[in-house]
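For reference, the structure discussed in these notes is given below.
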Amino acid sequence: MSQSTTCRRLVLALLTVSFLIIPVSAEDKPDADEAEKLLKDTQNPVASLISVPVQNNTNFNLGSANRTQDILNIQPVVPVGLSENWNLIVRWITPVVWQPVPTQKNIGAYGLGDMVPTFFLSPAKPGALIWGIGPVFQLPTATNFDTGQGKFGLGPSIVLLTQPGHWTIGVLANNVWSVGGPQGRPRINQFLMQYFINYNLEKGWYLTTSPIVTADWRASKGNEWVAPVGGGVGRVCRLGPMPANITVQFYGNAARPSGSSPWGMRLQMAFLFPKKPK
């Protein structure tokens, strides 16, 4: 059994069990308002909530050999109070990558990818428009030539969102340029934008779409963009005493480079550590 198949089955099993676990509700919390706040905080990248998402992205039918690529992202989000008015939100993505050779049936590389830490400066008491801004880095931490780009990268990042009623609507964007690394590896100039729209239902359930749109500005014409379209469903529930946020999403790529994956699946479990009231 391949590393990608084992990882995918493990995450799918965890998600299946978790969707049957008791949802966060007014009975689990002191009141329904607090339960709703937890649900909205999980959907806010700059909320004062520690979360540890484990996200598995599976991309199917890659290349002429119809291979399957897996990227498991461990991406904790930790808020740090700088003052009464400002928070620093640290978002650190550590990818574990199964990268198959697109033209070969049984050849590929498995290992750690390039880590991507982002630091958002955000108001501690935001208004209707919630925002954060700061630097994003790409660290050449890949343990295999094929699981990373081998360059040190740097750029700006911004997140904007609003949460009227049952909705969460926002966007996160960054652009990274290479500023160091081996001369034999290609330079980096790449853009990422993730827009997210959530509609919260009862008993911890919600509908979601949060595609990750990317562009490689150094790619040949017609091969710059990956633009997924799709969405899925999520639920905030409990794993014993710990609240967690689970989502299942499917996406088709409306725009993509030649030979890349036409569609994919995202499975995510986020462990939540809300602040206890004083």
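The values are calculated or read from the model by the stated rules, or taken from the named source; none is laboratory data. Because the structure is a prediction, the values reported are computed rather than measured. With ideal geometry, Cβ positions are generated from the backbone for all residues, glycine too; neighbour counts draw on all protein chains shown.
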Next item on the list: Search the stretch 127-146 for residues being closer than 23 Å to G184 by Cα and in contact with a Leu (Cβ under 7 Å, 6 or more places away or on another chain), and hand back the single one that is surrounded by the most Cβ atoms within 10 Å (Cβ to Cβ).
Entry: A142
Notebook entry, point to check: Given the structure, is R218 modelled with pLDDT of 95 or more, closer than 26 Å to V101 by Cβ and over 15 Å from the mean Cα position of the chain (by Cα)?
Noted result: yes
Note to self: I'm trying to understand the selection: among the residues of the stretch 206-241, which are touching an Asp or Glu at 6+ places or on another chain (Cβ under 7 Å) and either assigned to a strand (DSSP E or B) or closer than 18 Å to K37 by Cα (or both)?
What the structure shows: A215, D216, R238
Next item on the list: Give the residue that is surrounded by the fewest Cβ atoms within 10 Å (Cβ to Cβ), with candidates limited to residues of the stretch 242-278 that are outside any strand (DSSP E or B) and among the charged types (D, E, K, R).
Entry: K278
Notebook entry, point to check: What number goes with the only condition from (1) more than 21 Å from P257 (Cα to Cα); (2) without any contact (Cβ under 8 Å) to a residue 24 or more places away in the chain; (3) in a strand (DSSP E or B); (4) not hydroxyl-bearing (S, T, Y) that L154 does not pass?
Noted result: (2)
Next item on the list: Please specify each residue of the stretch 208-228 satisfying the condition of being surrounded by 14 or more Cβ atoms within 10 Å (Cβ to Cβ) and either closer than 28 Å to G165 by Cβ or basic (K, R) (or both).
Entry: T208, T209, S210, P211, I212, V213, P228
Next item on the list: List the number of the failed condition for N85; all other conditions in (1) in contact with a helix residue (DSSP H, G or I) (Cβ under 7 Å, 6 or more places away or on another chain); (2) farther than 30 Å from W205 by Cβ; (3) of a type outside the set (D, E) hold.
Entry: (1)
Check: Do we have any residue at all in the stretch 103-112 that's modelled with pLDDT under 95, touching a Gly at 6+ places or on another chain (Cβ under 7 Å) and either in a loop (DSSP other than H, G, I, E, B) or buried (at least 17 other Cβ atoms within 10 Å of the Cβ) (or both)?
Finding: yes
Margin query: I'm trying to understand the selection: among the residues of the stretch 190-242, which are of a type in the set (V, I, T) and in contact (Cβ under 8 Å) with a residue 24 or more places away in the chain?
Written below: I197, T208, T209, T214, V226, V229, V233, V236
Next item on the list: Could you tell me which residue of the stretch 147-165 is surrounded by the fewest Cβ atoms within 10 Å (Cβ to Cβ), considering only residues that are of a type in the set (S, T, N, Q) and over 30 Å from L62 (Cα atoms)?
Entry: T162
Margin query: Against the definition (more than 18 Å from the chain's Cα centre (by Cα), in contact (Cβ under 8 Å) with a residue 60 or more places away in the chain and surrounded by fewer than 17 Cβ atoms within 10 Å (Cβ to Cβ)), how does S122 come out, yes or no?
Written below: no
Note to self: more than 29 Å from G259 (Cα to Cα) and out of contact with any His (no Cβ under 9 Å at 6 or more places or on another chain): which single residue out of T162, T143, T208 fits that description?
What the structure shows: T162
Checklist line | Residue match in the stretch 208-215 (condition: of a type outside the set (A, V, I, L, M, F, W, C) and either more than 16 Å from the chain's Cα centre (by Cα) or at positive phi (or both)) | finding: no
Checklist line | Residue count, the stretch 119-151 (criterion: assigned to a strand (DSSP E or B) and closer than 27 Å to R218 by Cβ) | finding: 9
